[in-house]
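Below is one structure, written out as structure tokens; the observations come after it.
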Amino acid sequence: MKILSIVGARPNFVKMFPLTKIINKSKHDHILVHTGQHYDINMSDIFFKEMDVKPADYNLGVGSGLHGYQTGEMLKAIEKVIIENEPDVVIVPGDTNSTISGALAAAKLHVKVAHLEAGLRSFNRRMPEEINRILTDHCSDLLFCPTHVAVRNLKNEGITKNVFQTGDTMYEIAFMIEDKVNAIPRRDEIPDEYLLSTIHRAENTTDEKLPKIMDELGRLNLPVVIPLHPRTKRKLQSLKLLEKTNNNLNIIDPVGFFEFSKLLKDSKAIITDSGGVQKEAYWHEKPCVTVREQTEWLETIEAGGNILAKPTEIKEKLDIMLSNEIAFKKELYGYKDTSLRILKILETLEK
Ligand code: UD1
Ligand code: UDP
């Protein structure tokens, strides 16, 4: 079988690597395509190096731009690669513009589409990722869901065929790398006790919301380490806020997955708007404040490990989380052999 996978943005790499490793070791041909959506070394190359995954077979070099431009350029370039390679199946992970472009290109060429991390919904169609998820699910032939909530979401939209609850590859990878993470030394500038924060969502990096979020982070009782996403950095620069940030904020460049996992494990709590980081916080038993109005990862909220906050509520919600006894349940997102389960399902396509 010839399998073609499409990645492009930081969370795509993390989700896809455990499956990439398993497919690369199997008898099947694997073509890895990188759209170039993320391109800074710390947003892209570092992940391949750390995980010892060879660079993608194609880098389409699409880069940044408005949604229409970025998605359109990816669609054109991916279509060419699919025509050239004639894969049996195209795997698209997550909910980024790279995901929807890959799914659309493959579906229109009548190539089977497999969506990794299918069925997630925030029910907020103002999020670009929500549009990407819905459209990708609706043109996928195989839907690999991390949770039963995701399976239920698909059912509610009439998608029941070829839906598999396989667990979450991000859970799998978190435990694959434990030894490497434990071996990483702590940087000198990181204090003994700190909070870890990542903020990058389009809805939070606005002129109105971002200053409020930075103000709130600056008045927390512990120093806050912030590996700053390039989108957020640009916005802080354009608002002339980067040089004015409070001393309580320890802003660093984005870091690789191993170092981020180490920072997460050593922190007291997490403040984020990332999808992936909410789950990782839960697996590493760290209280999490999610600066959003909804989350796709309802299980973390229901289990008491995560709480939603408006920008001005971060301190209040963090105080609540730090005063609660949280009973973390490791098994929330399933199995440590998700990729193998997925490969076995893909192999049924051969028959
Ligand atoms: C994208 C995803 C989002 C995901 C995030 C993970 C979409 C619609 N959004 O958002 O779901 O949570 O990735 O990080 O696909 N930039 C750089 N260097 C880079 C990459 C980006 O400077 O290597 C800057 C550019 O100014 C760019 C901006 O960041 O315009 C936003 O990048 P983009 O990939 O469009 O969206 P993200 O916010 O990263
Ligand atoms: N991450 C990382 N370095 C960082 C910040 C995040 O390696 O500086 C990892 C994090 O551990 C998680 C993934 O990036 O696995 C999440 O990606 P991101 O927050 O960019 O996207 P989202 O999950 O919100 O789509």
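Taken together, the values in this text are just the output of simple stated rules run on the coordinates, not laboratory data. Bear in mind that the values here come from a model prediction, so they are computed numbers and not experimental data. When we count neighbours, we look across all protein chains shown, and the Cβ atoms used for this are built from the backbone with ideal geometry, even at glycine.
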Next on the checklist: Return the residues of segment 207-254 that are closer than 25 Å to Leu66 by Cα and β-branched (Val, Ile, Thr); say none if nothing qualifies.
Outcome noted: Ile213, Thr232
Next on the checklist: Could you tell me how many of the residues in segment 108-166 are of a type in the set (Lys, Arg) and assigned to a strand (DSSP E or B)?
Outcome noted: 1
Checklist entry - Does Asn12 meet the test of being within 16 Å of ligand 1 (Cβ to nearest atom), in contact with an Asp or Glu (Cβ under 8 Å, 6 or more places away or on another chain) and outside any loop (DSSP other than H, G, I, E, B)? => result no
Item to check | Matching option when the condition is crowded, with 16+ Cβ neighbours inside 10 Å and in a strand (DSSP E or B), among Ile213, Ile184, Ile251, Ile190 | outcome: Ile251
Checklist entry - Failed condition for Ile226, given (1) within 22 Å of Ala303 (Cβ to Cβ); (2) within 16 Å of ligand 1 (Cβ to nearest atom), with all others met? => result (1)
Checklist entry - Got a sec? Which of Ile326, Ile271, Ile314 is in a helix (DSSP H, G or I) and either among the hydrophobic types (A, V, I, L, M, F, W, C) or in contact with a Phe, Trp or Tyr (Cβ under 6 Å, 6 or more places away or on another chain) (or both)? => result Ile314
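Quick check: is even one residue across segment 73-84 within 16 Å of ligand 1 (Cβ to nearest atom), surrounded by 15 or more Cβ atoms within 10 Å (Cβ to Cβ) and closer than 26 Å to Ala174 by Cα?
If we filter segment 73-84 for residues that are within 16 Å of ligand 1 (Cβ to nearest atom), which is where we start, we get 73-75, 77-78.
Next cut, surrounded by 15 or more Cβ atoms within 10 Å (Cβ to Cβ) only: 73-75, 77-78.
Narrowing further to those that are closer than 26 Å to Ala174 by Cα: none.
Within segment 73-84 (the criterion being within 16 Å of ligand 1 (Cβ to nearest atom), surrounded by 15 or more Cβ atoms within 10 Å (Cβ to Cβ) and closer than 26 Å to Ala174 by Cα), the answer is no, since none of the residues qualifies.
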